[in-house]
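To start, the structure itself, in structure tokens.
The values are calculated or read from the model by the stated rules, or taken from the named source; none is laboratory data. Quick caveat: nothing in here was measured; it's all calculated off a predicted structure. Cβ sites come from the backbone with ideal geometry, for glycine too, and all protein chains shown count toward neighbours.
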Amino acid sequence: MRRLPIILLSLLAMACSSIDCPVNNIVSTQYVICDKDGAEMKLSDTLSILTRRMDDTITVLNRLVQKATFSLQISYSHPEDELFFVFYKGPVYTIDTVWIKKDDYPHFESVDCNAAFFHTLTGVRYTTHYIDSIVIKNTSVNYDVSTVHFHLYPKVSN
Amino acid sequence: MMSQRYISTSIRRLAISLLLFLTAHSASAQLKFFSLQKDTIPVFRGFALSFDMVGLLMNQLSDHGEYEGAFRLNLHDEWFPIVEVGYGRANHTDDPVTGIRYETKAPYFRIGIDKNMLKKKHGPNRLYMGLRYAFTSYDVDLSTDNFPDPVWLWDTGFGVKGEKCNYHWLEIVVGVDAKIYGPLHLGWSARYKRRIAHDDGSIGNTWYVPGFGIGGGTRLGGTFNVIIDI
């Protein structure tokens, strides 16, 4: 009988509940720029990325310089995102258009956490003015920011 | 060298003897715990029906709760096999922050056993400790009003309908039961719940689980029971 309060207090301590919204709640795709051998490569030119949305075109990545990796947000539920990769070499620029096709799934944590979408990448198309190729490395897009989704290979002459 | 060997042999013998003694003592203590007291009282002592008032109150005061009843056998006032059946529901509408609507309703089942921990087993009051295995299978409806994608601005709908989920969990129960008048007893129980298996469907997680409460790995719960002991 004397042990009962201790047992009850222990149970109480073990069973505390809390709001479990994830700290990182941004769903984004991770890109790595690679050379022809597949090794990570810092881009010597400047990269900006724009996208077409409902009413206009906006910049989603502004003037990336000397970086080998970057992350881009992905639309909640549009079947295909259209992105314009603009590569600046001094005053000269080259534009490639990239289309990313995906399936979207609602993701729920709790009624206390905002609605989110996870995605499965199903395809990528692109023009090849500056870009040689883009390869999907991982199709699952979620809260995990350590997963690389795309390898981007610029043309060798760039 | 000879005396060292004798000492080492003696220590080994002592250690083995102690181990055997402790094992035998522990085994006999376990047998005593599980065996019925020897007296003239018959093994089958009746049964009890009980209804939980906490879940009922939660149902009236919040957006989720349970209706729950239990059937309990009385074996020699010591062991009490029990089946608990309930119906849980949640209707969380238009969350003021996230705007998410969450709806589910389903029956749940628990099966387990309680042990009367009092020394005077055949008295009018009881102190229980027990264990339950619980299970529920439930459908979840989840929705929000359409909202704009923060970057692309297209209107986005969010939700699922009739998502099939299930939950299995164990409960450690501590409770009391006191005789009030005739067959009427009142009692309460505190419960530590631990999930052992679950399927939340394709949506990632579920919020309210019938019988378990607000979802997660562990949870503390309780009941206040009105009991008819026959």
Q. Of the residues that make up the range B:65-72, is at least one more than 26 Å from B:ARG195 (Cβ to Cβ) and surrounded by fewer than 17 Cβ atoms within 10 Å (Cβ to Cβ)?
A. no
Q) If you take the residues in the range B:101-118 that are under 12 Å from the mean Cα position of the chain (by Cα) and crowded, with 16+ Cβ neighbours inside 10 Å, which one is farthest from B:ARG191 (Cα to Cα)? A) B:TYR108
Q. Of the conditions (1) closer than 19 Å to B:LEU57 by Cβ; (2) more than 11 Å from chain A (Cβ to nearest Cβ); (3) in a strand (DSSP E or B), B:TYR167 fails just one. Which one is it?
A. (1)
Q: State all residues of the range B:202-214 that are assigned to a loop (DSSP other than H, G, I, E, B), within 8 Å of another protein chain (Cβ to nearest Cβ) and of a type outside the set (Val, Ile, Thr); if no residue qualifies, say none.
A: B:ASN205, B:TRP207
Q: Search the range A:58-110 for residues being among the small types (Gly, Ala, Ser) and more than 20 Å from A:CYS34 (Cα to Cα), and hand back the single one that is modelled with the lowest pLDDT.
A: A:GLY90
Q: Would you mind telling me which numbered condition in (1) more than 7 Å from every other protein chain (Cβ to nearest Cβ); (2) surrounded by 14 or more Cβ atoms within 10 Å (Cβ to Cβ); (3) assigned to a loop (DSSP other than H, G, I, E, B) A:SER110 fails?
A: (1)
**Q.** Restricting the range A:133-143 to residues that are outside any loop (DSSP other than H, G, I, E, B) and without any contact (Cβ under 8 Å) to a residue 40 or more places away in the chain, the residue that is nearest to the chain's Cα centre (by Cα)
**A.** A:SER140
Q | Tabulated pairs, the range B:171-193, first without any contact (Cβ under 8 Å) to a residue 24 or more places away in the chain and more than 11 Å from every other protein chain (Cβ to nearest Cβ), second hydrophobic (A, V, I, L, M, F, W, C) and surrounded by fewer than 21 Cβ atoms within 10 Å (Cβ to Cβ), C-beta under 7 angstrom, 6+ apart or interchain | A | B:ILE180/B:LEU186
Q) within 17 Å of A:ASP112 (Cβ to Cβ), under 24 Å from the mean Cα position of the chain (by Cα) and among the β-branched types (Val, Ile, Thr): does that describe B:THR144? A) no
Q.
Take residues that are assigned by TED's automatic domain parsing to the domain that holds B:SER202, within 19 Å of B:VAL226 (Cβ to Cβ) and among the hydrophobic types (A, V, I, L, M, F, W, C) and tell me which of the strands (runs of 3 or more DSSP E) falling wholly in the range B:30-143 contain 2 or more.
A. B:44-52, B:64-75, B:79-92
Q. Has the range A:119-128 got at least one residue that is modelled with pLDDT under 95 and not hydroxyl-bearing (Ser, Thr, Tyr)?
A. no
(Q) Can you report the number of residues in the range B:185-220 which are closer than 19 Å to B:ASP63 by Cα and touching a strand residue (DSSP E or B) at 6+ places or on another chain (Cβ under 7 Å)? (A) 13
Q.
Given the criteria in contact (Cβ under 8 Å) with a residue 60 or more places away in the chain, over 23 Å from A:ASN142 (Cα atoms), surrounded by fewer than 20 Cβ atoms within 10 Å (Cβ to Cβ) and in the same structural domain as B:THR104 (by TED's automatic domain parsing), does B:PHE212 qualify?
A. no
